[in-house]
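The values are calculated or read from the model by the stated rules, or taken from the named source; none is laboratory data. Computed from a predicted model, the values in this text were never measured in an experiment. As a convention, Cβ positions derive from the backbone with ideal geometry for all residues, glycine included, and neighbour counts pool all protein chains shown. Note: accessible area is taken over every heavy atom of the protein model, side chains too, but ligands, DNA and RNA are not part of it. Shrake-Rupley method; radii C 1.70, N 1.55, O 1.52, S 1.80 Å.
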Amino acid sequence: MGYDELWRRSVDEPELFWAEQARLIHWETPPQRILDDSRPPFRRWFVGGTTNLCHNAIDRHLDERGDQLAIVAVSTETESTREITYRELHREVNAFAAVLVELGVGKGDRVVIYMPNIAEAVFAMLACARIGAIHSVVFGGFAAHNLALRIDDAEPVLLICADAGMRGGKVIPYKPLIDAALRETKAPPAHVLIVDRGLDPDMDRVELRDVDYNERRRRHEGANVPVTWLESNEPSYLLYTSGTTGKPKGVQRDVGGYAVALALSMTTIFDLHPGQTILCTSDVGWAVGHSYNVYGPLIGGCTAILYEGLPTAPDPGIWWRLCETYRVRTMFSSPTAIRVLKKQDASWLSRSDLSALKYIFCAGEPLDQTTYEWLSGGTGKLVVDNYWQTETGWPAVSLMPGLDLKPVRPGSPGFPTFGFRMRVIDEATGDEKAAGEKGVLVVELPLPPGCLTTIWRDDDRYVRSYFGHFKELLYSSLDWAVRDADGYLFILGRTDDVINVAGHRLGTREIEESVATLGAVAEVAVVGIGDELKGQLPAVFATLKQGVTDDPRDVAQAMERRVVELLGAVARPGCVYVVSALPKTRSGKLLRRAIQAVMEGTDPGDLSTLDDPTALEAVRRAVARGP
Ligand code: ATP
Ligand code: MG
């Protein structure tokens, strides 16, 4: 069956459709009811069924693929590669689970994991899943305050960390951050379990509280910890959204629905089958990392490559070499990462043998046409844009090359995935927009399996944040979109990233796209600045590609001309700044509100997710100098 027919079934007969998909995973007790939709906007999938993510990710595969690689953890920071088979993964996760049990962790307890992108982070997640503990992975690059906020909210019994992470060859000790976070939080856990990588010889230990993982693990070598079966709708994990737009929300995921959605996505979207390999360049701290570095590939019996390091170290060919070495079939990355590579010599794309590679998926941000063309042209591979949110847990809009391949339309992630019935509606009236007209992207209820079940301990905020925008009960993505005449969806940016020029509502993305068509431009961010006459005007901030020697003033003028040429005089930028770097979140998303605050001289709000503070400084200096 092709996409059209299957998708139609998924929305017209959801219970039949998902009952069939439920067979993709192991149920200890089968679901009694496929969907309980009696209390919208809440819904429960696979009610009464019991299952376990760890069992589906590991134990279920042992007979058939015990000796197959499950995880390959590559670090260009520590210059190490660790190849782990399913059997070895089983052993490691059982030992880890035994350590957790010994520390008193049980079903329903929260465990915060603050780790670099290394194998032990995966062991820790799976060990929690095995015993029914709720993990909350906090990206290892977050600052102490960020970590403290998340600990306050999750109230974990245990924090698992490493002694240090590394970035660009520099050791970043974690322990001082953790000690600071635990001083700040109102809910410090009883224990801190430290995976000592031997990177920080000066690490302080707090007597009685801090526990050495390596030492505990030795006691539990060969342990067998029984799987704790959970009802399908019990929480599996919490994941705080990255906070591009404000205070992070504890997105709560279930067990059964998530496992089924991931299993289905592996074959239909990613066209990845048991025994095949995926390189997902995300970090386990993000939604993409949870679903496609860890749970998705393992539930699907695949091999997942985990990467710690920069995309450009030791050189910009590293990811392509990994594709060659491990015969990667599907790569999954982000536009931000690809734009980093795009700044480098394009010949890196053709130096490795990419004959096994079929697809490069990109998600997380709009994939602009120039980056798309650079990547698909340079590799000759199919580049598949896919749209999702921490909330959805898996792609909500994508092409499905595993089923049939509809032609790629650059700039569009394609069509809704299974169970997502989407509308593009008017922000004010809620009426559906015609093809070609911009509106808010919303999803009809019930949300399909895999999506968040609520916000941790805050049902009200769940209802308010996502379902309180329109008369009808609809999930609002808070993103702008437009559907073309053939049904392709284009995502035009966040509903709060809009510039109102003399009554014309312009999406920042449209302007950014037009600037990005200039060859000299590497990255661009557009924000709206107040203008007495027109209400708002676009302000353009751009970085130039490495090796570009043109006078920045000429490039700035060229940018202005290009915007007018492509979008009309209405979009003419009020000012254009060429800067050395743009502020981004740790997950690589442009932090437009921070730039906006600099322009307006206002309080930029919570900047704790800012990746590189010097980037914001660069913006500040450029603004002070004037365009
Ligand atoms: P917060 O919700 O806390 O402000 P966030 O929205 O940045 O943080 P994520 O859930 O990681 O956190 O990001 C989801 C958002 O990323 C989407 O709502 C959308 O704006 C953007 N996005 C993701 N994939 C794509 C894509 N393929 N094309 C365009 N935009 C995308
Ligand atoms: Mg969001």
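Of all residues in segment 380-406, those that are assigned to a strand (DSSP E or B), farther than 17 Å from Val442 by Cβ, within 11 Å of ligand 1 (Cβ to nearest atom) and open to solvent by 10 Å² or more (accessible area, probe 1.4 Å) total 1.
For segment 119-150, the tally of residues that are hydrophobic (A, V, I, L, M, F, W, C) and over 18 Å from Leu103 (Cα atoms) stands at 11. Scan segment 516-553 for residues that are buried (at least 16 other Cβ atoms within 10 Å of the Cβ) and closer than 15 Å to Leu582 by Cα and the total you get is 14.
Somewhere in segment 501-511, is a residue modelled with pLDDT of 90 or more and open to solvent by 50 Å² or more (accessible area, probe 1.4 Å)?
Pass one, segment 501-511, residues modelled with pLDDT of 90 or more: none.
No, because not a single residue in segment 501-511 is modelled with pLDDT of 90 or more and open to solvent by 50 Å² or more (accessible area, probe 1.4 Å).
Across segment 323-350, the number of residues qualifying as part of a loop (DSSP other than H, G, I, E, B) and touching a Leu at 6+ places or on another chain (Cβ under 8 Å) comes to 3.
Working only within segment 225-248, note down all residues that are open to solvent by less than 30 Å² (accessible area, probe 1.4 Å) and within 16 Å of ligand 1 (Cβ to nearest atom).
Let us first name the residues in segment 225-248 that are open to solvent by less than 30 Å² (accessible area, probe 1.4 Å), namely 225, 227, 230, 232-233, 236-244, 246, 248.
If the condition is that a residue be open to solvent by less than 30 Å² (accessible area, probe 1.4 Å) and within 16 Å of ligand 1 (Cβ to nearest atom), then Tyr237, Leu238, Leu239, Tyr240, Thr241, Ser242, Gly243, Thr244, Gly246, Pro248 are the ones that fit.
Mind checking which residues of segment 119-154 are aromatic (Phe, Trp, Tyr) and under 27 Å from Leu89 (Cα atoms)? Passing the criteria: Phe123, Phe139.
Can you tell me which residue within segment 475-524, out of those that are among the hydrophobic types (A, V, I, L, M, F, W, C) and within 16 Å of ligand 2 (Cβ to nearest atom), is nearest to Tyr387 (Cα to Cα)? Top of the filtered list is Ile491.
Out of the helices (runs of 4 or more DSSP H) lying entirely within segment 1-114, which hold 2 or more residues that are farther than 16 Å from Gly301 by Cα, at pLDDT 95 or above and open to solvent by less than 70 Å² (accessible area, probe 1.4 Å)? Quick ask: steps written out before the conclusion?
Details: elements: 3-12, 14-21, 53-57, 62-65, 86-102.
The helices (runs of 4 or more DSSP H) meeting that bar are 3-12, 14-21, 86-102.
Among the criteria (1) of a type outside the set (Ser, Thr, Tyr); (2) open to solvent by 20 Å² or more (accessible area, probe 1.4 Å); (3) touching a Phe, Trp or Tyr at 6+ places or on another chain (Cβ under 7 Å), the one Gly257 does not fulfil is (2).
Name the residue, out of Arg562, Arg586, that is within 28 Å of Val288 (Cα to Cα), buried (at least 16 other Cβ atoms within 10 Å of the Cβ) and of a type outside the set (A, V, I, L, M, F, W, C). Of Arg562, Arg586, the one residue that is within 28 Å of Val288 (Cα to Cα), buried (at least 16 other Cβ atoms within 10 Å of the Cβ) and of a type outside the set (A, V, I, L, M, F, W, C) is Arg586.
Restricting segment 595-627 to residues that are in contact with a strand residue (DSSP E or B) (Cβ under 6 Å, 6 or more places away or on another chain) and open to solvent by 20 Å² or more (accessible area, probe 1.4 Å) leaves a set whose member that is nearest to Asp496 (Cα to Cα) is Gln596.
Within the bounds of segment 357-364, is there any residue that is more than 12 Å from ligand 1 (Cβ to nearest atom), part of a strand (DSSP E or B) and under 22 Å from Glu523 (Cβ atoms)? Talk me through it step by step, then tell me what you get.
Restricting attention to segment 357-364, the residues satisfying the condition of being more than 12 Å from ligand 1 (Cβ to nearest atom) are 357-360.
After this cut, where a residue has to be part of a strand (DSSP E or B) as well, the list is 359-360.
From what is left, the residues that are under 22 Å from Glu523 (Cβ atoms) are 360.
Within segment 357-364, one or more residues are more than 12 Å from ligand 1 (Cβ to nearest atom), part of a strand (DSSP E or B) and under 22 Å from Glu523 (Cβ atoms).
Quick check on Gly285: is it in a loop (DSSP other than H, G, I, E, B) and within 16 Å of ligand 2 (Cβ to nearest atom)?
Numbers: in a loop (DSSP other than H, G, I, E, B): yes; within 16 Å of ligand 2 (Cβ to nearest atom): yes.
Judged against the criteria, Gly285 is a match.
Scanning segment 486-500 for residues that are open to solvent by 20 Å² or more (accessible area, probe 1.4 Å), near ligand 1 (Cβ under 9 Å from one of its atoms) and assigned to a strand (DSSP E or B) yields a count of 3.
Within segment 145-176, track down each residue that is in contact (Cβ under 8 Å) with a residue 40 or more places away in the chain, open to solvent by less than 20 Å² (accessible area, probe 1.4 Å) and in a helix (DSSP H, G or I). Asn146, Arg150, Ala154 - these are the residues of segment 145-176 that are in contact (Cβ under 8 Å) with a residue 40 or more places away in the chain, open to solvent by less than 20 Å² (accessible area, probe 1.4 Å) and in a helix (DSSP H, G or I).
To keep it simple, each residue is scored yes or no on (1) at pLDDT 95 or above; (2) within 23 Å of the chain's Cα centre (by Cα); (3) away from ligand 2 (no atom under 16 Å from the Cβ); (4) closer than 30 Å to Ser465 by Cα.
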{"position": "Val340", "(1), (2), (3), (4)": "no, yes, yes, no"}
{"position": "Asp345", "(1), (2), (3), (4)": "no, no, yes, no"}
{"position": "Lys358", "(1), (2), (3), (4)": "yes, yes, yes, no"}
{"position": "Phe361", "(1), (2), (3), (4)": "yes, yes, yes, yes"}
{"position": "Leu367", "(1), (2), (3), (4)": "no, yes, yes, yes"}
{"position": "Ala396", "(1), (2), (3), (4)": "yes, yes, no, yes"}
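The residue that is modelled with the lowest pLDDT, counting only those in segment 439-466 that are buried (at least 20 other Cβ atoms within 10 Å of the Cβ) and more than 22 Å from the chain's Cα centre (by Cα), is Gly439. Being away from ligand 1 (no atom under 16 Å from the Cβ), of a type in the set (Ser, Thr, Tyr), open to solvent by less than 30 Å² (accessible area, probe 1.4 Å) and touching a residue at least 40 places away in the same chain (Cβ under 8 Å) holds for only one residue in Thr268, Thr281, and it is Thr268. Evaluating Thr241 against the criteria (1) closer than 20 Å to Cys128 by Cα; (2) within 16 Å of ligand 2 (Cβ to nearest atom) leaves one unmet condition, (1). The set of residues from segment 298-322 being under 16 Å from Glu83 (Cβ atoms) and either at pLDDT below 95 or assigned to a helix (DSSP H, G or I) (or both) comprises Leu298, Arg321, Leu322. The condition of being more than 16 Å from ligand 2 (Cβ to nearest atom) and in contact with a helix residue (DSSP H, G or I) (Cβ under 6 Å, 6 or more places away or on another chain) holds for only one of Pro410, Pro401, Pro416, Pro448, that being Pro410. The test for being closer than 30 Å to Leu607 by Cα and either open to solvent by 20 Å² or more (accessible area, probe 1.4 Å) or within 14 Å of ligand 1 (Cβ to nearest atom) (or both) does not hold for Gln276.
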